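Visitor: Below is one structure. I have some questions about it.
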Ligand code: AKB
């Protein structure tokens, strides 16, 4: 990725913020173009304002900067897309179609698509979702992620465009707030715990979902994009796993640091979304193809989150 510039779309979102910072540190500030529909809240870079549904604007940025690599993170997440499914389809699918077409025509070298555990549905083995198996999501977000994976694979087969993808679990990080996801509770809960306040969780206590610490998610993304092409044998989204827990288990892990922490449960519409997703995913293909390995489990993630949120609070 040193030989051509990198474009990140959705650079000011939850994952985009941390990915952009990491790429800029690694490859140089001017080497990475941070684009988003709105200016940065948590990043310290100049944002190139871009609506990914505007193909001409995307094309102009890619050609002006001679972009070689695109990390396409701009998307609506599961809860937001479910509240406005037509908009979810438009942003997630029109945006992705534009990225693929612009990349193909402009000769972009590699493109990253952020898929999700939301590709799975009620016909999947919820105890351990396989890499290859039925993809029958019930949410609009999941529909766009399955369609996006297949479209990326099509561009690879038909045009040789080097599209790579992972299926992110819920991502937990202290660096940026999540927005509009079903797994957001696992970030929100830490902010309340550190402030010494109780938390009301919008999922039930026993809702088990796959999760990952932000540091691992960023490393997976960059490692996949840097892997030699022959190691990338799966051209739909790779399952990647790190840990799996319920809200009650996360609350217990936090109570090891804050014994008086209180959590109440008031499941809302997001409970039904979570119930359609698997509890764990089988990521053996990512591990054997390009060497994926997670570093953070529940205890390590909890300790690191709390340490960072506490030191940020002191710094404020
Ligand atoms: C969401 O909850 O929508 C996302 C995801 C699992 O893709 N965090």
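The values are calculated or read from the model by the stated rules, or taken from the named source; none is laboratory data. None of these values were measured; they are calculated from a predicted model. Backbone-built Cβ (ideal geometry, glycine too); neighbour counts: all protein chains shown.
Visitor: How about the stretch 84-123: which of its residues are part of a strand (DSSP E or B) and either outside the structural domain of residue 228 (by TED's automatic domain parsing) or within 16 Å of the ligand (Cβ to nearest atom) (or both)?
Guide: Passing the criteria: 112, 113, 114, 115, 116.
Visitor: Separate question: Please specify each residue of the stretch 61-78 satisfying the condition of being assigned to a helix (DSSP H, G or I) and either within 15 Å of the ligand (Cβ to nearest atom) or under 21 Å from residue 221 (Cβ atoms) (or both).
Guide: 61, 62, 78
Visitor: When the residues of the stretch 8-28 are narrowed to those that are surrounded by fewer than 23 Cβ atoms within 10 Å (Cβ to Cβ) and in contact with a strand residue (DSSP E or B) (Cβ under 8 Å, 6 or more places away or on another chain), which ends up nearest to residue 73 (Cα to Cα)?
Guide: Filtering first and then ranking leaves 24.
Visitor: Which one of these is modelled with pLDDT under 95 and either more than 16 Å from the ligand (Cβ to nearest atom) or part of a helix (DSSP H, G or I) (or both): 81, 40?
Guide: 40
Visitor: Any chance the stretch 130-139 includes a residue that's surrounded by 24 or more Cβ atoms within 10 Å (Cβ to Cβ) and under 22 Å from residue 289 (Cα atoms)?
Guide: Checking the stretch 130-139: not a single residue is surrounded by 24 or more Cβ atoms within 10 Å (Cβ to Cβ) and under 22 Å from residue 289 (Cα atoms).
Visitor: In addition: What's the number of the condition residue 174 fails, among (1) part of a loop (DSSP other than H, G, I, E, B); (2) surrounded by fewer than 18 Cβ atoms within 10 Å (Cβ to Cβ); (3) away from the ligand (no atom under 15 Å from the Cβ); (4) within 21 Å of the chain's Cα centre (by Cα)?
Guide: (2)
Visitor: To continue, here is another question. Restricted to the stretch 232-271, and to residues that are part of a helix (DSSP H, G or I) and without any contact (Cβ under 8 Å) to a residue 60 or more places away in the chain, which residue is farthest from residue 157 (Cα to Cα)?
Guide: Here the answer is 255.
Visitor: Can you report the number of residues in the stretch 10-33 which are away from the ligand (no atom under 16 Å from the Cβ) and either part of a helix (DSSP H, G or I) or touching a residue at least 24 places away in the same chain (Cβ under 8 Å) (or both)?
Guide: 15
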